[in-house]
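J.: So that we are looking at the same thing, I have put the structure below in structure tokens.
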Amino acid sequence: MENQQGDSVGCSEVINSDFQLEFMDEEGVPTNTSCEQIKVESLIEKLFYVFLKKAEIDPEAPVLHRDLHLAYLKHSLCYLPHNFACLDASRAWLCYWITHSMELLDFKLPAEDKSHVAQFLAKCQCPDGGFGGGPGQYGHLAPTYAAVNALCTLGTEEAYKVIDRRKLLQFLWSLRKSNGSFELHVGGEIDVRGVYCAVSVARLTNIYSDALFDNSAEWIISCQTYEGGFSGSPGHEAHGGYAFCALAALCLLSKENLCDIKSLLRWTVNRQMRLEGGFQGRTNKLVDGCYSFWQAGAMPMIQGILSKNDESSVMTEIDSWLFNSRALQEYILIYCQSPNGGLIDKPGKTKDLYHTCYTLSGLSIAQNQPSKTTGSIVGSPRNLLKAVHPTFNIELEKLKSASLYFSQLPSDLL
Amino acid sequence: MEGSSSEEGEDVNWTFYRDREEWADLKPVPQDDGPHPVVAIAYSEKFRDVFDYFRGVLKVHELSERALDLTRDAVELNPGNYTVWQYRRQILKHLDKDLKEEMAFVAEMISAFPKNYQVWHHRQVLVSWLNDASDELQLTAKMLALDAKNYHAWQHRQWAIRTFNLFQNELEFIEKLLNDDIRNNSAWNQRYFVINQTTEFAPEVIEKEIAYVLSKIKIATKNESSWNYLRGIVLHSESGLRKPSVIDFCDELYNSGNRSACLLSYLVDAALEQAEYGVVKENSLLSIDKALELCDNLANEFDVCRRGYWNYISGCLRVHMN
Ligand SMILES: [Zn+2]
């Protein structure tokens, strides 16, 4: 097989030889899209030369600033300034973004802190089941997903026991629509995040039933667009976040064969930016660090599906990701690390916990290739993060323990 | 942080709810974070006060005018609080409020927070209740003028168009956006949506759309949005990607020296399709050998970033060589 060359060429190697080649070609038709794109590319170019200088002195560059990121995460876990009030309905998410990032960085959260996080999430659980964004808020599927993922990441029995599975199941039933879609909360909007969050927590906590997700796969398929990606609901534009939710949900429903996998593959690999190395969320949009996970995280699932249906074993023989893993790692390590810890969307943006979580998750995907050949990790070998399960975005060992725990509990609760 | 309006020291004229006589009868409910709060936000005094009273109202399930005013203060402090929005809708229903005023309010909120899920959802619920979408095209057009790719605005627009059958002038609207920015993928997607929902893909529609998109590809041959649209359209034709008029167009473009990755990629996929489904029109541009050469060119010159992918596609092509 000719595609067994190990690593593909990193974009910086390309940049190094001929930067101009990978620049956006406006073809004499400047538009808003091309102008915005060129601004980002110029910034990347400038920062690249700064990096080259650094790399001359430090052979291990680019280095992941573990300690700085951990300091930022630890601090955020106890205290957030008043301008975080706009995330007051996303505190369960904050818990997940922080604990999951810490886990990827292989930081062992002290038992006392784990207990505090579990107790706080218990306060976010609603009398009617599911979790709200904070204490006293209505149940909502997104913070429910975040809380369950955070509790599984904590990995203690105290954390697992927080989840009231019977009520969670009732909560999920209360949000199900007859066409198989889910609203995010009672009276809330409907999109593909709903069904993903629902099936993810149902599978994790072992309360899944076919009846609860009757028609769901068919509804998700109606969100696959002519571009190959998935939209939030039928008719809209293909988008990385929704495409991830749709694909992961199909896998969790064991209905992945319903989707047009080749067009999804084509759409996904084409979201990687030729100069920046990171991913965009939609065609002709700008690179953004969080899509390092939403897009690259889809690739293990896509390649898994392709190898399963592979009569000719073209895919089975491939042992690396079909996106450019080195280029993605370079984008994250060189351009997305904030100097004082935390990670960002793109140069010029400020750090936040969401982007810290999803750039690190994407970095973990990029580093942990199907077969770990030498050279699959960009920069220092100490940059290596723990591996995640792409469908749930939970660290592998933590997922194993949680699955084992919940598999021993009864699944027919109603 | 986007949407923060709780700067300390702001609002000199603000009276805390705890100091308002008309609220003296209601018991505020502090947030219960438990004994060991984590991700604790240093709320401003105003934020804490408003939400203490909101929790108080929620607890006794008060559906009143003053509670309605309170929810307004609360969503202005945090437009992402879906609980407040949901409760506000309950009050609006209960009091049978004039929704025109509410429509004006949510339009203001949309302008201030155009990327917030809750404000757009609130708008959608109101339009449904009123059964009147006469302002929606204008509102979304205004928001798209500020950000032509705002996903929420497009979602709302599509919902209104589909629900209230407002397709009439949509193609013109899209045409204008594409003239402004031929790379606006959201506008291309909207075009597909309109065709799909109105004329569908009858043979003459396919021909018309192909002619349209090819004229746009000529202008910018490296624009992935128009190529993707072309792929979307030809898949409704019997000959798929191998549609002769399209292959002729590609042939001409290729022979003129154009090496857009989109063009080469289209030809590779057409060749793969031909190998899988048989010949529509014999064309050397669609032979396996040519496609392998194109994959090679893509992997090593025109789309180096995706080398791994092109090597995989080469493998798929080779399967058909025997
Ligand atoms: Zn982002």
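The values are calculated or read from the model by the stated rules, or taken from the named source; none is laboratory data. Predicted model, so just to flag it, every value in this text is computed and none were measured. Backbone-built Cβ (ideal geometry, glycine too); neighbour counts: all protein chains shown. The protein model used for the area step is the full one, side chains on, heavy atoms only, and it has no ligands, DNA or RNA in it. Shrake-Rupley method; radii C 1.70, N 1.55, O 1.52, S 1.80 Å.
J.: Residues that are open to solvent by less than 20 Å² (accessible area, probe 1.4 Å) and under 28 Å from A:TYR138 (Cα atoms): find the helices (runs of 4 or more DSSP H) completely inside region A:23-107 holding 1 or more of those.
T.: A:66-78, A:91-104
J.: Kindly provide the set of residues from region A:271-281 that are open to solvent by less than 10 Å² (accessible area, probe 1.4 Å) and more than 16 Å from the ligand (Cβ to nearest atom), ordered by number.
T.: Across region A:271-281, the qualifying residue is only A:LEU275.
J.: Of all residues in region A:155-189, which are more than 30 Å from A:ASP113 (Cα to Cα) and in contact with a Phe, Trp or Tyr (Cβ under 8 Å, 6 or more places away or on another chain)?
T.: Result: A:LEU175, A:ARG176, A:ASN179, A:GLY180, A:SER181, A:VAL186, A:GLY188, A:GLU189.
J.: Return yes or no: is B:CYS316 buried (at least 22 other Cβ atoms within 10 Å of the Cβ) and touching a Leu at 6+ places or on another chain (Cβ under 9 Å)? Outline the logic, then answer.
T.: On the way: buried (at least 22 other Cβ atoms within 10 Å of the Cβ): no; touching a Leu at 6+ places or on another chain (Cβ under 9 Å): yes.
The answer is no for B:CYS316.
Residue-by-condition table, conditions (1) away from chain B (no Cβ under 13 Å); (2) within 16 Å of the ligand (Cβ to nearest atom); (3) of a type in the set (Ser, Thr, Tyr); (4) open to solvent by 10 Å² or more (accessible area, probe 1.4 Å):
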{"site": "A:GLY232", "(1), (2), (3), (4)": "no, yes, no, no"}
{"site": "A:LYS255", "(1), (2), (3), (4)": "yes, no, no, yes"}
{"site": "A:VAL269", "(1), (2), (3), (4)": "no, no, no, no"}
{"site": "A:CYS290", "(1), (2), (3), (4)": "yes, yes, no, no"}
{"site": "A:ILE302", "(1), (2), (3), (4)": "no, no, no, no"}
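J.: Answer yes or no: is there a residue in region B:289-296 that is more than 12 Å from every other protein chain (Cβ to nearest Cβ), touching a residue at least 12 places away in the same chain (Cβ under 8 Å), assigned to a helix (DSSP H, G or I) and open to solvent by less than 30 Å² (accessible area, probe 1.4 Å).
T.: Yes, that holds for at least one residue.
J.: So which residues in region A:98-112 are over 19 Å from the mean Cα position of the chain (by Cα) and either within 20 Å of A:THR356 (Cα to Cα) or more than 10 Å from chain B (Cβ to nearest Cβ) (or both)?
T.: Residues satisfying the conditions are A:PHE107, A:LYS108, A:LEU109, A:PRO110, A:ALA111.
J.: Hey, another quick one. Restricting attention to region A:176-190, and to residues there that are more than 17 Å from A:ALA146 (Cα to Cα) and in contact (Cβ under 8 Å) with a residue 24 or more places away in the chain, which single residue is surrounded by the fewest Cβ atoms within 10 Å (Cβ to Cβ)?
T.: A:SER178
J.: Can you work out which of the residues in region B:89-139 that are within 13 Å of chain A (Cβ to nearest Cβ) and polar (S, T, N, Q) is farthest from B:GLN190 (Cα to Cα)?
T.: My answer is B:GLN90.
J.: What about B:PHE193, is it outside any helix (DSSP H, G or I) and of a type in the set (Phe, Trp, Tyr)? Don't jump to the end; show me each part of the working.
T.: Values: outside any helix (DSSP H, G or I): no; of a type in the set (Phe, Trp, Tyr): yes.
The answer is no for B:PHE193.
J.: Would it be correct to say that A:MET315 is more than 16 Å from the ligand (Cβ to nearest atom) and among the aliphatic types (A, V, I, L, M)?
T.: Yes: the conditions hold for A:MET315.
J.: From A:ARG176, A:ARG193, A:ARG203, which residue is away from chain B (no Cβ under 14 Å), in contact with a helix residue (DSSP H, G or I) (Cβ under 9 Å, 6 or more places away or on another chain) and within 30 Å of B:ILE91 (Cα to Cα)?
T.: A:ARG176
J.: Answer yes or no as to whether A:SER307 is away from the ligand (no atom under 16 Å from the Cβ), open to solvent by 30 Å² or more (accessible area, probe 1.4 Å) and facing chain B (nearest Cβ under 10 Å).
T.: Against the criterion (away from the ligand (no atom under 16 Å from the Cβ), open to solvent by 30 Å² or more (accessible area, probe 1.4 Å) and facing chain B (nearest Cβ under 10 Å)), A:SER307 does not qualify.
J.: Is it true that B:LEU285 is open to solvent by less than 40 Å² (accessible area, probe 1.4 Å), of a type outside the set (S, T, N, Q) and modelled with pLDDT under 95?
T.: yes
J.: Could I ask something else about it? Pairs please, first residue from region B:33-49 and more than 7 Å from every other protein chain (Cβ to nearest Cβ), second anywhere and open to solvent by 30 Å² or more (accessible area, probe 1.4 Å) and not in a loop (DSSP other than H, G, I, E, B), Cβ atoms under 7 Å, 6+ apart in sequence or on different chains.
T.: Pairs that qualify, where the first residue is more than 7 Å from every other protein chain (Cβ to nearest Cβ) and the partner is open to solvent by 30 Å² or more (accessible area, probe 1.4 Å) and not in a loop (DSSP other than H, G, I, E, B), are B:ASP49/B:ARG18.
J.: Same structure, new question: So A:HIS355 fits all but one of (1) within 16 Å of the ligand (Cβ to nearest atom); (2) touching a residue at least 60 places away in the same chain (Cβ under 8 Å); (3) away from chain B (no Cβ under 14 Å); what number is the exception?
T.: (3)
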